[in-house]
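Chemist: Please find one structure pasted underneath; my questions will follow.
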Amino acid sequence: MKPKILMTRAVFPDVITYLAEHFEVESNQEDRIFDDAELVRRMHDKVGLYCNTSQRVSADIIAACPSMRVIANMAVGYNNIDLAAATRAGIPVTNTPDVLNETTADFAWALLMATARRVTEAEHWLRAGKWEKWTYDGFLGADVHGATLGILGMGRIGQAIARRAKGFAMRVIYHNRTRLAPHEEQGANDAQWVSKEALLAQADHLVLVLPYSAATHHAIGAAELARMKPSATLINIARGGIVDDVALIAALRAQQLAAAGLDVFENEPALHADFLTLSNVVLTPHIGSASAPTRRAMAYCAADNLIAGLQGKMPPNLLNPEVLPRK
Ligand code: 8YV
């Protein structure tokens, strides 16, 4: 008999076929969202969990699923999983890094450009039938070329964003807990490390690409927004919770900040209703990695991690190697 796994959300059907070569798969192509109790109930006879960031896997859930042997998250971020609790329970946890770096960097630029040049605001106005004549001051935005790009969080996606700034002749500054090696700063990234305070004060366009954790909760709040230029744009493609959304709404209303491009929100998908009343925001539903080839690559990456883990092999993207027996 094949080992049993649960897939918490709908995926490309061929990924289910692929996993079914190895496992008895319980899929969820109806794409219902499981609450904690339903997840635990469905996991009672399963050894593998294939999930994504919409599925919370808390310490209580881990404790209530004693047969669970591997968790494969179809995302690079894994703040939905209590990694420490999984590690204590000896459960390998995997994610899907790298395959989405370039696609997510592309999207950061799409959001930055749309926000700086007011693309969606102008389109809504056009669709509303308001375009009667050209005006010299219609939808004036901020320049991107020649401006200073700030990046908070300079991991693999941050660096892919930095590399793209060359074509826009931008100065790139970044802040990260760990500074890049000199050859990385001077090479393709061409980026200068600055303090967080300097980053906030100098950036014309500030992109957030840091992982969410207790340490980065509200890393951008009222005090940080007050340090930014009133002409600046803020782009969040990382995680809801890194920005204090209430403080951001107040800053955007007061035009203490020119505009924001947001792909992620606190408590998403139930975002703060006041965002919908603002014209100086571009809002997208967490689609940073959503290109067809990349979502497919993520889905197979998570599948390969689960297969390796349940076969007792080293999963390619293991987050907690300390759970494996020492050789
Ligand atoms: C995912 C993401 O698509 O990888 C991540 O961390 O935020 C996105 O690429 C989304 O979280 C679904 O798991």
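The values are calculated or read from the model by the stated rules, or taken from the named source; none is laboratory data. As the structure is a computational prediction, the values presented were derived from the model and not from experiment. Backbone-built Cβ (ideal geometry, glycine too); neighbour counts: all protein chains shown.
Chemist: How many residues, within region 272-327, are closer than 22 Å to THR8 by Cβ, away from the ligand (no atom under 12 Å from the Cβ), buried (at least 19 other Cβ atoms within 10 Å of the Cβ) and of a type in the set (A, V, I, L, M, F, W, C)?
Modeler: 6
Chemist: Condition first: within 16 Å of the ligand (Cβ to nearest atom) and in a strand (DSSP E or B). Can you find one or more residues in region 38-50 that meet it? Break it down into steps so the answer makes sense when it comes.
Modeler: Filtering region 38-50 for residues within 16 Å of the ligand (Cβ to nearest atom) gives 39, 49-50.
Imposing the further condition that a residue be in a strand (DSSP E or B) reduces the set to 49-50.
There is at least one residue in region 38-50 that is within 16 Å of the ligand (Cβ to nearest atom) and in a strand (DSSP E or B).
Chemist: Here is a further query. From the residues in region 67-83 that are free of Cβ contacts under 8 Å to residues at least 60 places away in the same chain, surrounded by 19 or more Cβ atoms within 10 Å (Cβ to Cβ) and away from the ligand (no atom under 12 Å from the Cβ), which one is nearest to VAL209 (Cα to Cα)?
Modeler: Residue satisfying both the conditions and the ranking: ASP82.
Chemist: Would it be correct to say that ALA110 is within 22 Å of HIS286 (Cβ to Cβ), out of contact with any strand residue (DSSP E or B) (no Cβ under 6 Å at 6 or more places or on another chain), without any contact (Cβ under 8 Å) to a residue 12 or more places away in the chain and within 16 Å of the ligand (Cβ to nearest atom)? Spell out the reasoning first.
Modeler: On the way: within 22 Å of HIS286 (Cβ to Cβ): yes; out of contact with any strand residue (DSSP E or B) (no Cβ under 6 Å at 6 or more places or on another chain): yes; without any contact (Cβ under 8 Å) to a residue 12 or more places away in the chain: yes; within 16 Å of the ligand (Cβ to nearest atom): yes.
When the stated conditions are applied, ALA110 passes them.
Chemist: In region 84-107, what residues are over 14 Å from ASN317 (Cα atoms) and either in contact with a His (Cβ under 9 Å, 6 or more places away or on another chain) or more than 13 Å from the ligand (Cβ to nearest atom) (or both)?
Modeler: ALA84, ALA85, ALA86, THR87, ARG88, ALA89, GLY90
Chemist: Tally up the residues in region 218-269 that are assigned to a loop (DSSP other than H, G, I, E, B) and either touching a Pro at 6+ places or on another chain (Cβ under 6 Å) or away from the ligand (no atom under 16 Å from the Cβ) (or both), please.
Modeler: We begin by selecting, within region 218-269, every residue assigned to a loop (DSSP other than H, G, I, E, B); these are 218-219, 221, 228-232, 237-242, 244, 254-258, 263-269.
The next check asks that each one be either touching a Pro at 6+ places or on another chain (Cβ under 6 Å) or away from the ligand (no atom under 16 Å from the Cβ) (or both); those that pass are 218-219, 221, 228-232, 244, 254-258.
Count: 14.
Chemist: Against the condition in contact with a Cys (Cβ under 7 Å, 6 or more places away or on another chain) and not assigned by TED's automatic domain parsing to the domain that holds MET154, how does MET68 come out, does it pass? Quick ask: steps written out before the conclusion?
Modeler: On the way: in contact with a Cys (Cβ under 7 Å, 6 or more places away or on another chain): no; not assigned by TED's automatic domain parsing to the domain that holds MET154: yes.
For MET68, the condition - in contact with a Cys (Cβ under 7 Å, 6 or more places away or on another chain) and not assigned by TED's automatic domain parsing to the domain that holds MET154 - is not met.
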